[in-house]
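The values are calculated or read from the model by the stated rules, or taken from the named source; none is laboratory data. Remember, predicted model here, so these are calculated numbers, not experimental data. Positions of Cβ are backbone-derived with ideal geometry, glycine not excepted, and every protein chain shown enters the neighbour counts.
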Amino acid sequence: MKVTGKALILLLALSVLMLAVTGYAQEERKIKKADYKLQLADWQGRDAAANEKVVTLETEIATLKKDLDTTQGSVDATWSQIYTALGATASDVDAYRQNLNTVDGNIDGLAVLSPEDLFRRSEEVDALCAEIAKLKESKISNLTEMENKLAELDGKLAALKAKVPANIFDQYTVVEGDYLWKISKNEDIYGDPFQWIRIYNVNKDQIKDPDLIYKEQVFNIARGVARNEHLVAKGEFLYSIAGMAKVLGDPTKWTTLFEANKDIITDPNLIYPYQVLTVPKQ
């Protein structure tokens, strides 16, 4: 086969090109290997630095744990001294805290009630007041946490007591032919004619004579007894009423009770069932 000049030149060119390509590939491999070594060295340096940092941090953590244990020991010792001064234990303090939280929940439960419902459950409000007063007698109440909680409860209880009405009333409009006995006998009023005196006591500002009332007068009909009042029951007299704990707690103070109710009691030896007596503040 005869090779022409042009073909020879082409073969030579191809050979040169192949040699150039081969050389470039070898050089590229050398560059990549060098880059890899550089990256490996960088990673190894970072790993060593990280390991060194880990060792440093572990040392710092160990030191902090030691300091924390020392601090906790100091805190425990301080609380131990506090408990000794209070004459209580940690369990006693936890129980006290739980009692405060229970009272708090009970106050919140009553606070959502209507004034009328609160009036009917005013004894529960009184019980909460007594319970808080008793909790304040404990030395545990001197702890800052408990002082703050008791102050919060005092505020809530004051708002609750302010919401309780002095009494709750319905109204009745007098019609022709009415008299107090008849009104009191009405089943929608008291269903008992003898309680007419309650109507008179509550409305004596507009009833000058219990035997004389007028058409279209509007009377308040008490549905309860105010906290500063006492509804006389059959067989009671001033001496026995004054001796009741919720009244004056001392039967010898019956004269105080008489003086406070002279507008409805003319003879201290003569009082009637269903009279509503005002209990003076002591």
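Report yes if Glu145 is acidic (Asp, Glu) and under 22 Å from Arg227 (Cα atoms), otherwise no. Don't jump to the end; show me each part of the working.
Working: acidic (Asp, Glu): yes; under 22 Å from Arg227 (Cα atoms): no.
No: the conditions fail for Glu145.
Can Ala88 be described as of a type in the set (Gly, Ala, Ser), touching a helix residue (DSSP H, G or I) at 6+ places or on another chain (Cβ under 9 Å), surrounded by 13 or more Cβ atoms within 10 Å (Cβ to Cβ) and closer than 22 Å to Ala166 by Cα?
Numbers: of a type in the set (Gly, Ala, Ser): yes; touching a helix residue (DSSP H, G or I) at 6+ places or on another chain (Cβ under 9 Å): yes; surrounded by 13 or more Cβ atoms within 10 Å (Cβ to Cβ): yes; closer than 22 Å to Ala166 by Cα: no.
When the stated conditions are applied, Ala88 does not pass them.
Test of understanding: among Thr252, Thr256, which residue is surrounded by 14 or more Cβ atoms within 10 Å (Cβ to Cβ) and modelled with pLDDT of 90 or more? Give the derivation first.
On the way: Thr252 fails: surrounded by 14 or more Cβ atoms within 10 Å (Cβ to Cβ).
Testing whether each residue is surrounded by 14 or more Cβ atoms within 10 Å (Cβ to Cβ) and modelled with pLDDT of 90 or more leaves just Thr256.
Quick one: is Glu187 at negative phi, part of a loop (DSSP other than H, G, I, E, B) and surrounded by fewer than 12 Cβ atoms within 10 Å (Cβ to Cβ)?
Here the answer is yes, as Glu187 does meet what is asked.
Restricting attention to the stretch 161-180, report how many residues are at pLDDT 95 or above and either within 20 Å of Asp263 (Cα to Cα) or assigned to a helix (DSSP H, G or I) (or both).
1
So, in the stretch 131-169, of the ones that are under 30 Å from Val202 (Cα atoms) and without any contact (Cβ under 8 Å) to a residue 24 or more places away in the chain, which residue ends up surrounded by the most Cβ atoms within 10 Å (Cβ to Cβ)?
Step one: of the stretch 131-169, the residues under 30 Å from Val202 (Cα atoms) are 157-169.
Remaining after also requiring without any contact (Cβ under 8 Å) to a residue 24 or more places away in the chain: 158, 162.
Details: Ala158: 10, Ala162: 8.
Looking at residues that are under 30 Å from Val202 (Cα atoms) and without any contact (Cβ under 8 Å) to a residue 24 or more places away in the chain, I get Ala158.
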